[in-house]
Amino acid sequence: MSKRNKKIQAAVAGMLMAPGAAFAQQQPAQAPDPTTPPPPTENKPADPTGAPATMQQVTVTGTRPSEDFYTNKGSINRMGAANLMDVPQSVVVINKALMNSQAATTLTDALRNVPGVTIGSAEGGTIGNNINLNGFSARTDIYLDGMRDRGQYYRDTFALEQVEVLMGPSSMLFGRGSTGGVINQVMKKPFEKAATELSLQATTNGLVRTTADVNTPFGENNAARVNMMFQAGKATTLDQSNVLDFGFAPSVRLGMGQPTMLTLSALLQHRKDQVSYGVPPLNGYPLNVPRNTAYGFSDDYTEQDTVALNSTLDHNFNSGLSLRNQTEFLWVNTAVRETSGAFTGTLNPRTGAFVQTANGPNATPYSAAPLNSLYIRQISRDRNINDITLENQTEITAKFDTYSMNHLLLAGVDLNYESYTNKVSTRNGSCNGVPMVAGSVGCVPAGFTTGGGTPATSPQIPGNYAWAQAWGAGIYFNDTITVVPQLKLVGGLRWDVYSAQVGNSLNYANTAGNTTTPWLQQVDYFTSVRGGAIYEPTPEQSYYISYSTSFNPSLQELTSTTGSQTLPPESNAGYEAGAKYQLLNGNLGVNGAIFQITKTNARTANADGTFSPQGTVRVQGARAGIAGRITPEWQVFGGYAYLNGRIINGITNTANGGLGTTTGNVPLNVPKDSANIWTTYTFNQTWEVGGGVFYVGQRYANNQNTVQVPAYARVDLTAAYIQPKYDIRLNIFNLFDTMYYDSLMASDGGRAVAGTGLTGLITLNYRL
């Protein structure tokens with residue numbers, strides 16, 4: 001080692017070694033001998049195919065009776081390293097083994113394992129998975145094999161190998177969005193060995209589900225794989241939650257293990273579900289009604305068709321230079337005829353008309369009213385949405401040396417096109433024969449589900465037709481520099497241009513005072529950066545600091561209600577410092593981090609319905625995680641997140657009955673504390689028992705903090721009988737039948753959707 005490198009190493013050790021001194025005494029820091037083969041637990045290079053990797057092989061005493069919960073490798077090329085120890089950001093990986101253990105069949109189920117993630121419920125223009133990550137919306141920050149998956153649909157896990165959650169602003173890696181982070185779904189890919197797995201599930205609610213996973217090699221280096229899913233029945237203990245869904249995900253991989261490999265995959269999915277829109281608030285809390293209560297009609301439905309096509313070409317020129325070209329086409333159609341219970345009130349004793357209550361912690365006139373005297377105003381949520389995304393990414397990865405430093409350079413070009421249409425309809429009805437305001441279908445008693453079909457006197461009436469299209473282009477590079485074996489520096493830069501056009505059929509004449517945008521075009525330019533330092537005194541410990549930025553164009557969701565205003569992009573900056581450890585011969589991963597994310601130019605609603613770019617939102621927090629094996633038989637996966645979220649500068653205009661001040665408030669759906677733990681133990685390689693707790697702290701259902709949703713802890717259990725050819729698993733969800741609210745939405749003053757009650761599920765898996 002040169003004198004220069006020795007001086008650098010000594011300086012870095014003096015600054016950063018203190019937090020890991022005790023650990024380092026057991027694992028002395030020294031440069032690995034390049035002539036010595038790596039030990040079994042040392043991190044291996046990334047798979048050049050980009051396929052998700054399972055946990056590396058390790059040498060242990062005893063047997064490994066089940067698949068590992070711990071995965072220390074990611075699939076996203078743009079992170080700059082497949083080994084997550086070399087990524088200067090928190091990354092949580094929910095792999096197939098963990099999802100199977102918990103019987104997680106939806107993306108929402110899988111994400112319960114990530115503290116700091118909360119769920120939003122369905123709303124008029126944002127139907128499907130609405131997710132908050134680290135206090136910020138991530139609805140357009142969902143990815144499929146590293147490509148943007150912005151369609152409005154409910155995502156299933158039947159074709160997923162794992163789900164990766166990268167924390168913090170990441171526009172340098174992914175382009176616009178990613179304030180709180182990104183969520184990447186990794187599809188199952190073909191592999192070299194023939195395998196078939198069939199699954200059959202049934203729940204105590206009456207839901208039946210079956211899946212099939214068939215992998216077939218052909219030729220010398222090729223394979224095809226098909227995943228299928230069908231389910232029908234009542235999805236939860238809530239009324240009006242029936243589903244009828246099926247999915248088909250074929251893929252083929254040509255040239256496995258060769259310099260050039262082509263992967264073609266598709267996801268075809270159809271869903272026809274009844275979606276719960278939750279309960280409205282009363283006196284500062286969700287309306288206290290039985291859990292199963294629903295305010296829709298028996299003929300309500302959310303019907304979705306999804307077509308996702310992906311082509312990935314990988315070519316290795318040599319050991320130090322590779323190219324990847326990835327193309328995605330995504331089409332999602334969502335046809336909705338749904339009814340939500342939007343507002344609470346009573347009936348006028350003389351006319352029978354609906355009289356809406358005020359809401360908020362001081363709205364006391366109705367606080368003592370018996371439940372049987374309250375009624376709910378039903379709102380129609382009818383629309384037909386089409387989302388199309390076409391994206392192409394070309395990336396070059398190069399490994400080279402300059403002087404005594406090693407470089408891993410990634411450079412790429414991202415081109416994308418998006419289009420969006422939304423045709424709205426309304427159903428106008430009456431309450432006890434008294435006509436209601438437009439969009440209101442009727443009124444029903446608050447305390448129970450009435451059912452029945454939509455009244456014949458409430459036909460659908462065409463409303464606004466919104467349309468939009470956008471083009472985007474990004475050029476980026478990221479370099480991971482190994483200064484000395486113990487010190488890596490990460491730096492990246494990206495330049496984006498995003499051009500969007502938005503139109504609405506309403507207010508086409510641009511009538512004064514109407515806030516619906518008849519036509520709007522805007523072009524945004526933004527430069528994103530990423531920087532970090534990683535100190536690894538041994539391969540089993542990593543300490544890092546990082547800084548990253550991101551941006552959110554005002555038209556990124558391809559909708560606008562801001563009048564004639566053109567708003568600048570929201571700007572986001574994140575700082576993070578953390579540590580990652582691999583313990584017990586690499587079988588157990590432990591990590592922790594502190595961070596701060598600040599959004600400026602945040603769009604804030606004015607009293608007249610327009611928006612202004614004057615808001616500031618900040619989330620300061622800490623997180624910790626654990627995953628892996630404590631013994632060969634005992635596995636654990638868990639985490640904790642602390643989020644101190646504040647609206648630093650919010651709404652201050654209260655004229656004409658405006659929304660009131662939000663400055664100093666907590667952003668909606670941001671719990672201060674959230675945590676989860678899941679653990680299993682296997683006896684004699686045959687019997688497995690386990691369970692866990694999912695905790696979410698108190699939250700608010702709106703930014704005004706007038707509707708408070710209480711904290712909850714849900715307990716789940718599992719038990720399984722495992723044989724080489726088959727296994728039988730029992731899962732129990734919400735063991736103590738805890739009443740809790742699973743998802744929130746700010747509309748209608750702050751709606752909350754109850755979580756499922758006590759439910760049992762049995763699964764039979766058979767392997768050929």
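At-a-glance table
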| read-out | value |
| --- | --- |
| Residue in the range 162-179 that is surrounded by fewer than 24 Cβ atoms within 10 Å (Cβ to Cβ) and farther than 20 Å from residue 393 by Cα present | no |
| Any hit, the range 143-152, residues being over 18 Å from residue 76 (Cα atoms), crowded, with 24+ Cβ neighbours inside 10 Å and in contact with a Leu (Cβ under 8 Å, 6 or more places away or on another chain) | yes |
| Residue under evaluation residue 276, criteria (1) surrounded by fewer than 20 Cβ atoms within 10 Å (Cβ to Cβ); (2) under 26 Å from residue 332 (Cβ atoms), criterion not met | (1) |
| Number of the condition not met by residue 762 [criteria: (1) within 20 Å of residue 643 (Cβ to Cβ); (2) assigned to a strand (DSSP E or B); (3) among the β-branched types (Val, Ile, Thr)] | (1) |
| 3 or more residues of a type in the set (Phe, Trp, Tyr) and at pLDDT 95 or above: qualifying strands (runs of 3 or more DSSP E) within the range 685-743 | 687-696 |
| Lone unmet requirement of (1) surrounded by fewer than 19 Cβ atoms within 10 Å (Cβ to Cβ); (2) assigned to a strand (DSSP E or B) for residue 663 | (2) |
| The listed residue being more than 35 Å from the chain's Cα centre (by Cα), outside any strand (DSSP E or B) and at pLDDT 90 or above, out of 351, 346 | 351 |
| Some residue of the range 336-351 being touching a residue at least 40 places away in the same chain (Cβ under 8 Å), surrounded by 16 or more Cβ atoms within 10 Å (Cβ to Cβ) and farther than 20 Å from residue 440 by Cβ | no |
| Every residue from the range 164-212 that is of a type outside the set (S, T, N, Q), over 30 Å from residue 497 (Cβ atoms), part of a loop (DSSP other than H, G, I, E, B) and in contact with a Ser or Thr (Cβ under 8 Å, 6 or more places away or on another chain) | 188, 189, 190, 194 |
| Flag if residue 289 is outside any strand (DSSP E or B) and under 27 Å from residue 228 (Cβ atoms) | no |
| Hits in the range 209-248 - residues which are buried (at least 19 other Cβ atoms within 10 Å of the Cβ), closer than 30 Å to residue 292 by Cα and of a type in the set (A, V, I, L, M, F, W, C) | 229, 235, 238, 243 |
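The values are calculated or read from the model by the stated rules, or taken from the named source; none is laboratory data. Given the structure is predicted, the values throughout are model-derived calculations rather than measurements. All Cβ positions, even for glycine, are placed from backbone atoms using ideal geometry, and neighbour counts span all protein chains on display.
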